[in-house]
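Taking it in order: structure first as structure tokens, then the write-up.
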Amino acid sequence: MSKPRSFLLDFEKPLCELESRIEQIRELAQENNVDVSDQIAELEEKAEQLRQEIFSSLTPAQRLQLARHPRRPSTLDYIQAMSEEWFELHGDRHSSDDPALVGGVARLDGIPVVMLGHQKGRDTKDNVARNFGMASPGGYRKAIRLMEHANRFGMPILTFIDTPGAWAGVEAEKQGQGEAIAFNLREMFSFDVPILSTVIGEGGSGGALGIGVGDRILMFEHAVYTVATPEACAAILWKDASKSGQAASALKITAWDLKELGILDQILPEPSRGAHADPLAAAGVLKTVLKENLEELMQLTPGQRKERRYQKYRAIGQFQAA
Amino acid sequence: MSLFDWFANRAKSESPMQQRHQEREIADGLWTKCPSCGVLTYTKDLQANLMVCSECNHHLRVDSEERIQQLIDPQTWKPINEEVEPVDPLEFRDRKPYKDRLRDYQNKTHLKDAVQTGTGLLDGLPVALGVMDFRFMGGSMGSVVGEKLCRLIEYGTNEGLTVIIICASGGARMQEGMLSLMQMAKISGALERHREANLLYIPVLTHPTTGGVTASFAMLGDIILAEPKAMIGFAGRRVIEQTLREKLPDDFQTSEYLLHHGFVDAIVSRTQLKKTLANLISLHQPFYPVRHLQQSDSQELNHHTMNHHTMNHHQATQTPIQSFEQS
């Protein structure tokens, strides 16, 4: 078996060095039977400080790295960690079953729900099979099929967004990628049941929005949501792909930016060092927040929910009218 | 010097003058060169033919002003929400500040943003019409395009009107970030309500219709029409070529390609567009059962309906054949 890779991000390096030094000192002290617990406690406090410093002042580009972290929990990780029962459903009933978009019926704290989301791979082989979480038209059609199912049986819909974008390929165009996404956008406004959409990692443009119309939009603190990937934006507007860091800042892609723009409803805190550092804790946070929101939404009538959903999106946009 | 050289020299010495002459006439706007076949046409003739080259049927680009004139009966156009103007919510700056970009395009086009909306009569039929203008930042969709189209659709829903949107767009406007992306959902929501009211919505896809516009209102029509040889797609051709590292077929993402794969209902020449729209709208007017059309007070209405029936019959034999010829 190969050694597991650590996937260390650049900005984590100073923290990691400090941590390994603490470990060295501890080992040395043990070998030589010296009590250094005071010094270690001091150093650990320092490490904690450094950790907070680093993670509280992340640039949008660094957050993007965290959102794309190969060890970041995926849709299936969250679903399996949160639900007591889970039965995956397959196929769009037209011609395909897209592994990049998964979904099924589940029980969340006693409540039957439909959960679905983009699925990135856990390793290279899995990623190739899952097309790196880039869904095809069949994926969006499977998603809407599951949502219609949920609506028919009065099950709340929970969607999880984690995609670089909808798949851009010849087959996808031939099968109507635009139509598939557009259809979902319209239909999601028609459902009576509550819809909660959570951006768990990367919210990539139309491909994210295609399952992203909800009564509430939630987002993990290190997740991002973009109109176009910063790389594409830099290539188009700056004519220079290396300006993606600048583009990431300019595009306003973090949870706090989106809250300020009136798009996002709630930011979910992540375990220190990000969701991948403690996936189970992240799933715990997600489950609690989903339950709270569901309880509120279930107090409303279907008509009220639909009206509020409509008004939520209706209010998004900034312009002036003399 | 051979005779052949003499001719060659003569041609050389003549050509610059001829070229200058040509250029001036084009610059004067008197003549327009078809970008497809290169034939020069007297601009007024070209306009009379709705900017369709009579030589090769190429559809030249038309701006929103011209488009409204082509579709709406004279003196019936009533613009709405003209006062809605863009702002710079992200204080966006790439190689140039977004504010400056907006101002430049506003000066150049005399438009506030990339869409005109309003109501008017189309062959006597009342419609709510939105026309995107590709000249304004590539017809990109930001908050203003979203808001104006949304208000138009809501107006259509409240007044029971058919909505027509002439699409021409490079997609979502990056300079307004996520606000632009969310306009896709906002407009789709408005269309859901229009649909619930059993009202007709017809998008007309013109060159080019891509990205977030394709992935929202362009593909949500009850009936979707497209102009011949328009480029219509979700992802950009170059993006796909880059990811796949192979050349794509020439007809990829054209109107004809979409018709072939079942995503548009018909390809309609611009010269037939107004007539086709009128016929389709009148075909979808609620049918009045005879018991409502009794006595003299309904005679006018009856007459009206009859008129449309004859027109439709006449058209039904024409339009489809034409669209197949073009495809």
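Of everything in region A:223-239 that's more than 8 Å from every other protein chain (Cβ to nearest Cβ) and crowded, with 23+ Cβ neighbours inside 10 Å, which residue is nearest to the chain's Cα centre (by Cα)?
A:Ala223
Count, please, the residues in region A:310-322 that happen to be in a helix (DSSP H, G or I) and either farther than 16 Å from B:Gln183 by Cβ or more than 7 Å from chain B (Cβ to nearest Cβ) (or both).
2
Residue check, A:Ile253 against (1) in contact with an Asp or Glu (Cβ under 7 Å, 6 or more places away or on another chain); (2) crowded, with 20+ Cβ neighbours inside 10 Å, all met but one. Which one?
Going through (1) in contact with an Asp or Glu (Cβ under 7 Å, 6 or more places away or on another chain); (2) crowded, with 20+ Cβ neighbours inside 10 Å one by one, A:Ile253 breaks only (1).
Does A:Ile200 satisfy the condition of being closer than 29 Å to A:Glu48 by Cα and more than 8 Å from chain B (Cβ to nearest Cβ)?
Yes; evaluated as a whole, the condition is true for this residue.
Among the residues of region A:117-140, how many are basic (Lys, Arg) and under 13 Å from A:Glu202 (Cβ atoms)?
Residues flagged as basic (Lys, Arg) and under 13 Å from A:Glu202 (Cβ atoms) within region A:117-140 amount to 1.
Please indicate, with yes or no, whether at least one residue in region A:154-176 is of a type in the set (Val, Ile, Thr), closer than 24 Å to B:Lys247 by Cβ, assigned by TED's automatic domain parsing to the domain that holds A:Leu294 and touching a Phe, Trp or Tyr at 6+ places or on another chain (Cβ under 9 Å).
yes
So is B:Leu199 in a loop (DSSP other than H, G, I, E, B) and modelled with pLDDT of 95 or more or not?
When the stated conditions are applied, B:Leu199 passes them.
State all residues of region B:206-251 that are polar (S, T, N, Q), in contact with a Lys or Arg (Cβ under 9 Å, 6 or more places away or on another chain) and within 8 Å of chain A (Cβ to nearest Cβ); if no residue qualifies, say none.
Matches in region B:206-251: B:Ser216 only.
Name the residue that is surrounded by the most Cβ atoms within 10 Å (Cβ to Cβ), counting only residues in region A:180-221 that are in contact with a Gly (Cβ under 6 Å, 6 or more places away or on another chain) and either of a type in the set (S, T, N, Q) or within 13 Å of A:Gln266 (Cα to Cα) (or both).
Among them, the one singled out is A:Ser205.
Check A:Glu307, A:Glu296 and return the single one that is more than 14 Å from every other protein chain (Cβ to nearest Cβ) and not hydrophobic (A, V, I, L, M, F, W, C).
A:Glu296
Does A:Ser242 satisfy the criteria of being farther than 28 Å from A:Val193 by Cα, touching a Ser or Thr at 6+ places or on another chain (Cβ under 8 Å) and of a type in the set (S, T, N, Q)?
Considered against the rule, which asks whether it is farther than 28 Å from A:Val193 by Cα, touching a Ser or Thr at 6+ places or on another chain (Cβ under 8 Å) and of a type in the set (S, T, N, Q), A:Ser242 comes out as no.
So which of A:Ile40, A:Ile54 is assigned to a helix (DSSP H, G or I), among the β-branched types (Val, Ile, Thr) and within 30 Å of A:Ser249 (Cβ to Cβ)?
A:Ile54
Hey, can you tell me all the residues within region B:162-189 that are hydroxyl-bearing (Ser, Thr, Tyr) and more than 17 Å from the chain's Cα centre (by Cα)?
B:Ser180, B:Ser188
Take A:Lys291 and tell me if it is away from every other protein chain (no Cβ under 11 Å), in a helix (DSSP H, G or I) and more than 16 Å from the chain's Cα centre (by Cα).
yes
Can you find a residue in region B:227-237 that is within 30 Å of A:Pro230 (Cβ to Cβ), in a helix (DSSP H, G or I) and either without any contact (Cβ under 8 Å) to a residue 40 or more places away in the chain or out of contact with any strand residue (DSSP E or B) (no Cβ under 7 Å at 6 or more places or on another chain) (or both)?
Scanning region B:227-237 turns up at least one residue that is within 30 Å of A:Pro230 (Cβ to Cβ), in a helix (DSSP H, G or I) and either without any contact (Cβ under 8 Å) to a residue 40 or more places away in the chain or out of contact with any strand residue (DSSP E or B) (no Cβ under 7 Å at 6 or more places or on another chain) (or both).
Restricting to region A:108-129, count the residues that are surrounded by 14 or more Cβ atoms within 10 Å (Cβ to Cβ) and either among the β-branched types (Val, Ile, Thr) or part of a strand (DSSP E or B) (or both).
The total comes to 9.
Checking the structure you have, find out if any residue of region B:54-68 is in a helix (DSSP H, G or I) and within 14 Å of chain A (Cβ to nearest Cβ).
no
Are any residues in region B:258-287 surrounded by fewer than 16 Cβ atoms within 10 Å (Cβ to Cβ) and among the small types (Gly, Ala, Ser), and if so, which ones?
Within region B:258-287, B:Gly262 is the sole residue that qualifies.
I'd like the residue in region A:105-163 that is in contact (Cβ under 8 Å) with a residue 24 or more places away in the chain and of a type in the set (Lys, Arg) and, out of all such residues, is farthest from A:Ile253 (Cα to Cα).
Applying the filter and picking the extreme gives A:Arg107.
How many residues does region A:174-191 contain that are farther than 12 Å from B:Met219 by Cβ, facing chain B (nearest Cβ under 7 Å) and not in a loop (DSSP other than H, G, I, E, B)?
Counting residues in region A:174-191 that are farther than 12 Å from B:Met219 by Cβ, facing chain B (nearest Cβ under 7 Å) and not in a loop (DSSP other than H, G, I, E, B) gives 1.
Anything in region A:126-143 that is of a type in the set (Lys, Arg) and within 14 Å of chain B (Cβ to nearest Cβ)? List them, or say none.
Matches in region A:126-143: A:Arg141 only.
Considering only residues that are in a helix (DSSP H, G or I) and within 19 Å of A:Leu196 (Cα to Cα), which ones fall in region A:61-98?
Result: A:Thr75, A:Leu76, A:Asp77, A:Tyr78, A:Ile79, A:Gln80, A:Ala81, A:Met82.
Among the residues of region B:125-134, are any surrounded by 15 or more Cβ atoms within 10 Å (Cβ to Cβ), at pLDDT 95 or above and assigned to a helix (DSSP H, G or I)?
no
Applying the selection to region A:144-171, what residues are in contact with a Pro (Cβ under 7 Å, 6 or more places away or on another chain) and within 7 Å of another protein chain (Cβ to nearest Cβ)?
None; the set is empty.
Pairs under 6 Å by beta carbon, first residue within 12 Å of A:Gly206 (Cβ to Cβ) in region A:170-183, partner among the charged types (D, E, K, R), six or more apart or different chains?
A:Ala180/A:Arg141
A:Pro99 passes all but one of (1) over 22 Å from A:Met82 (Cα atoms); (2) surrounded by fewer than 20 Cβ atoms within 10 Å (Cβ to Cβ); (3) at pLDDT 95 or above; which number fails?
(1)
The values are calculated or read from the model by the stated rules, or taken from the named source; none is laboratory data. If you're wondering where the values come from, they're calculated on a predicted model, not measured in any experiment. Note that each Cβ is placed from the backbone with ideal geometry, even for glycine, and that neighbours are counted across all protein chains shown.
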